[in-house]
Amino acid sequence: MQNGHKQVLVEVRGLKKTFKRKDGTVVEAVKGIDLDIYRGEVFSLLGPNGAGKSTTISMLSGLLSPTEGEAKIGGYSITTQALEAKKLLGVVPQEIALYPTLSARQNLEFFGRMYGLHGSELAKSVDEVLDFIDLRERHKDRIDTFSGGMKRRVNIGVGLLHKPQLVYMDEPTVGVDPQSRRRILDTVIRLKEERKMTVLYTTHLMEESQELSSRVGIIDYGQIIALGTVGELIQKVGEEDRLIFSVGEQQVPDALLERFRTEVPGITSASYAASEFTPVAGLEDSAELVIEKRSTGAMRVVRSGQVMDGEITVHAKRGRKALPELLRIADEMGVDILSVEVREPDLEAVFLHLTGRALRE
Amino acid sequence: MLRKIWAIAYVNLYQTFTDRNLIIIMIVTPLVLATIISLAFGNLGSGSAPIQNIPVAIVNLDEGASGFNGGQIMVEAFVPPDGEPGAPASQMPDCPETEAAASTAPAMSLTDLTDAVLLDDAAAARAGVDEGSYAAAVIIPADFSQKMSYSLADRQVEVSSIEVYGSSASPISASIIRSVVEGFANQLLTGFVAAQATIETIGQQFGLAGMGAAAANLSQAIACASGRTIVSIEQQTVEGEQADFNPLVLFGSAQAVFFALFTANATAATILEERRNGTLQRMVISPTPRVMILFGKLVGTFLIVLVQLIFLFIGFTVIGSLLEGQFQSIWGDNIIAIALMLVATTAGTAGVGMITAAVGKTAEQANIIGSIVSILMGILGGAFFAVNALGDFEFLTRLSVVRWGSEGFSKLAGGDANILTNVIFLAILGALFFGISLLMFNRRKDV
């Protein structure tokens, strides 16, 4: 199926999954999802824990049968042509799904056979994957001797053995150290760029979604509440840049804030807040150390009498464009700007805007 | 598809046979246990033996000789007149109790040990054994007393023969009856010959012609009687072949099948373990039909149990040979029948394993259910004691895979190749249980 110049690889229509609890109540985990994933793109399904991401992936991979709706992969129905659809699909589950007493190679060979590979084709495929996940040196070692990061890499490798057109990656960075996480994210980028694979990536981490995705579907309570490129999503909710000017201990006249609001185009608000200081619990009698809570919400422990930070926060449609004019006005008003931070809108803000909740809540 | 089934089975085999602890549990433990139980069985002749009321048919065809009827004396020991206690198993009717026997009190009487019935027809007695009504039939021949008589002309006592027609389904009981009859007949002979010698000696003392030479020859005959079994006992299986019973056969086969059940349960339960570990889901999301995955698991379970049983039966043969000091093929010589029994037993145990895995929702639950089923089947199948001790509840043993398995192997060890019922039962049970477990697994659409 074509959508403009893009070719649809995954087509999801009205996909629904309900579970019956022991007490008889019915839980709607996925409430009817409509979705197209284009060939060659990295599509992120972004949502908090329990939003329905894993249930959706489980239905698309044939682990769960949909209560209603239909999905097709490469034109094959996941319910009526499951075996054909599965041939196009590689899955990287959230948990490590490997045989711990088998070596990396034995695991890869076994799952390769499950995808119909055998003989020299299987050996070649296993070698390629071992190279791709950079574990050629350890291929004979048992999985239970591997670090968490190495296990993750083999876990990913298993999903790539049969060179699938589409790879599902279900929160592959959960519980991994930063170095391994970086390696996994780089792997996803390589899958797209080197192997031209289509990736469906689920995560609750906005920054991963933002870095990797061609398009993002934001899912909450079993429904996709927003869908598009990162830019499109931010545009949709009209989120603004946030500029934070650090002014140290200087007094900030109200007139400065008023000039920001009235003289600079695109400025929607300007406010000043000084840091709040509270004693450190248990050290109330000591005036030495206090907790500084900055206007941004950041907190740190400082020596009392140290810098009493104050910050001006400005919301602007195009923050970077407005910056020179804002600095000029501040200079005219005799306020020294010690530092400037420009925060562009992100998916976290989009989710907050759409649901009133943070992604990590 | 066959490649996929083999791949799944191979992973199971590899994981099992590279685990040292599993090998110890699967192979070393049953070998040791069965050997210990079999050695302990050597004390079954003591009063503490759990075996009693062995059903026996006695057929006395003995016509007697010179006013003496040895067959009748034997019958009265087994089936005493009403109100009289039976003779102690170790005691001969005409002999005074020995010192050793007197000091071993209380001795088990034959009526405690056996539940004997007097029949007139040898064929009917044998048929009763075949049908399972009796553990053994003791058939005293018509010339029993006649042959025991000392022949002045031949200067020797002729070999007489009592037939003990034993059921290969109850080898322990048949063996016990054989021992009892053998001991009883020897003592009967010794007493009878001694009595005749006394008569001859008296004749010599009173100058009766020929008595002196007869007495000398009689002494020689008594010496022979003490050195060998003059009254030979033929223990016959239902096919009429002679066989010696080895307790390692019964307890070994029962323990082997019992432990095979545990292995089958544990291996089949790996389906549930794999579900927990996510590897089952990985198989399900591959282009492999679920039924193939289950077949792969069944083949894995089957092969593991088969390998285990082969090792165990070889092990028992080695142990049996070591104990005897020479090579002994304790399972008989019918290699094809042994192979058939091994395959059928494996099918039966694998089927039980699959069904317990299908019933359990988690691996732990399946293992608990499997253990309970295995222990019950082990008890009913004679893995811990001879099933005769179950008395009226003996019919329950027919529900046990262990019983059908060990019975088949005991038959083969006894030279009885009639194992078709055992093979069919085990094969059908295996196929039935696998079919049911397949349906149960398939009904769980969501993995």
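The values are calculated or read from the model by the stated rules, or taken from the named source; none is laboratory data. Because the structure is a prediction, the values reported are computed rather than measured. Note that we place each Cβ from the backbone using ideal geometry, even for glycine, and neighbour counts take in every protein chain shown. Ligands, DNA and RNA are excluded from the accessible area calculation, which covers all protein heavy atoms including side chains. Shrake-Rupley method; radii C 1.70, N 1.55, O 1.52, S 1.80 Å.
Below, the figures for the structure above:
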quantity	calculated
Nearest 10 degrees, 0 to 90: helix A:254-263 Cα axis against chain A principal axis	60
Listed residues A:Leu200, A:Leu327, A:Leu233, most fluctuating in chain A (Gaussian network, C-alpha, under 10 Å)	A:Leu327
Whole-percent carbon and sulfur share, accessible surface of the range A:30-90, 1.4 Å	45
Rounded accessible area per residue of the range B:237-358, 1.4 Å, Å²	33
Amide hydrogen neighbours beyond the local backbone of A:Val167, cut-off 5 Å, H modeled	A:Gly90, A:Thr198, A:Val199, A:Leu200
Carbon and sulfur %, accessible surface of the range A:161-226 computed with the full protein complex present, 1.4 Å	48
In Hz, Karplus ³J(HN,Hα) per residue of the range A:161-176 (6.51, -1.76, 1.60; θ = phi - 60°; x = Gly, Pro)	3, 8, 6, x, 6, 10, 10, 8, 10, 9, 6, x, 9, 5, x, 10
Residues losing 30 Å² or more accessible surface upon assembly, the range B:286-324, compared with the chain by itself, 1.4 Å	B:Ser286, B:Pro287
Over 18 Å between alpha carbons, listed pairs A:Lys31/A:Lys192; A:Lys16/B:Lys361; A:Lys87/B:Lys361; A:Lys163/A:Lys196; A:Lys16/A:Lys53; A:Lys236/A:Lys321	A:Lys31/A:Lys192; A:Lys16/B:Lys361; A:Lys87/B:Lys361; A:Lys236/A:Lys321
Coordinate range along principal axes, alpha carbons of the range A:64-164, Å, largest first	45, 29, 20
Distant-in-sequence amide H partners of B:Val117 (H built 1.01 Å from N, under 5 Å)	B:Val56, B:Ala57, B:Ile58
Whole-number Å³ per residue for the convex hull built on Cα positions in the range B:244-339	109
Calculated diffusion of chain A, Stokes-Einstein form, Kirkwood radius summed over Cα pairs, 20 °C and 1.002 mPa s, µm²/s	90
Estimated Rh, the range A:209-281: Kirkwood, alpha-carbon pairs, angstrom	16.3
Distance in nm between pseudo-label sites at B:Val359 and A:Ser271 (7 Å out along the Cβ direction from Cα)	6.6
Occluded residues from the range B:1-26, i.e. those whose accessible area drops by 30 Å² or more once the chain is not alone (1.4 Å probe)	B:Arg3, B:Lys4, B:Ala7, B:Val11, B:Tyr14, B:Gln15
Degrees between helix A:178-193 axis and first principal axis of chain A (Cα, 0 to 90, nearest 10)	60
Within the range B:264-284: backbone nitrogen closer than 14 Å to the A:Val174 label point (7 Å, Cα to C-beta)	B:277-278
Centre separation in Å (Cα based) which lies between the range B:304-370 and the range A:194-271	68
Selected from A:Leu338, A:Leu257, A:Leu323 as most flexible by GNM, with chain A as the system and alpha-carbon contacts under 10 Å	A:Leu338
Net dipole in debye of chain A [+1 Lys, Arg Cβ; -1 Asp, Glu Cβ; about Cα centre; nearest 20]	1860
Solvent-accessible heavy-atom area per residue, rounded to whole Å², over chain A at 1.4 Å	47
Computed lengthening from A:Thr79 to A:Glu249, 0.36 nm per intervening residue step minus Cα-Cα distance	54.6 nm
From phi via Karplus (6.51, -1.76, 1.60), per-residue ³J(HN,Hα) for the range A:10-18 in Hz, x at Gly/Pro	10, 10, 10, 9, x, 6, 9, 9, 10
Accessible area buried at the B-A interface, both sides summed, 1.4 Å probe (Å², nearest 100)	2300
Calculated FRET value between B:Arg443 and B:Gln326, using beta carbons and R₀ = 56 Å, to 0.05	0.50
Inter-label distance, nm, simple model (7 Å from Cα along the C-beta direction), B:Gln72/A:Val342	12.8
Interchain or long-range residues, amide H under 5 Å from B:Gly360's placed H	none
Fully extended contour minus Cα-Cα distance, from A:Thr278 to A:Lys6, at 0.36 nm per residue	92.3 nm
Viscosity 1.002 mPa s, temperature 20 °C, Stokes-Einstein D of the range A:15-81 from Kirkwood C-alpha radius, µm²/s	165
Rounded tilt (10° steps) of A:319-332 against the dominant C-alpha axis of chain A	20
For chain A, built as a Gaussian network whose Cα springs stay under 10 Å, the top-fluctuating residue of A:Glu194, A:Glu128, A:Glu70	A:Glu194
Ranked packing of A:313-320, A:262-269, most packed first, by mean Cβ within 10 Å	A:313-320, A:262-269
Distance (nanometres) between label positions extended 7 Å along Cα→Cβ at B:Asp130 and B:Arg398	1.9
Spherically averaged projected area of the range B:305-447 from its Cα convex hull (nm²)	9.8
Accessible surface of the range B:243-304, 1.4 Å probe, proportion on carbon and sulfur as whole %	66
Residues in the range A:57-99 occluded by at least 40 Å² - accessible area, probe radius 1.4 Å, against chain by itself	A:Leu63, A:Leu83, A:Lys86, A:Ala97, A:Tyr99
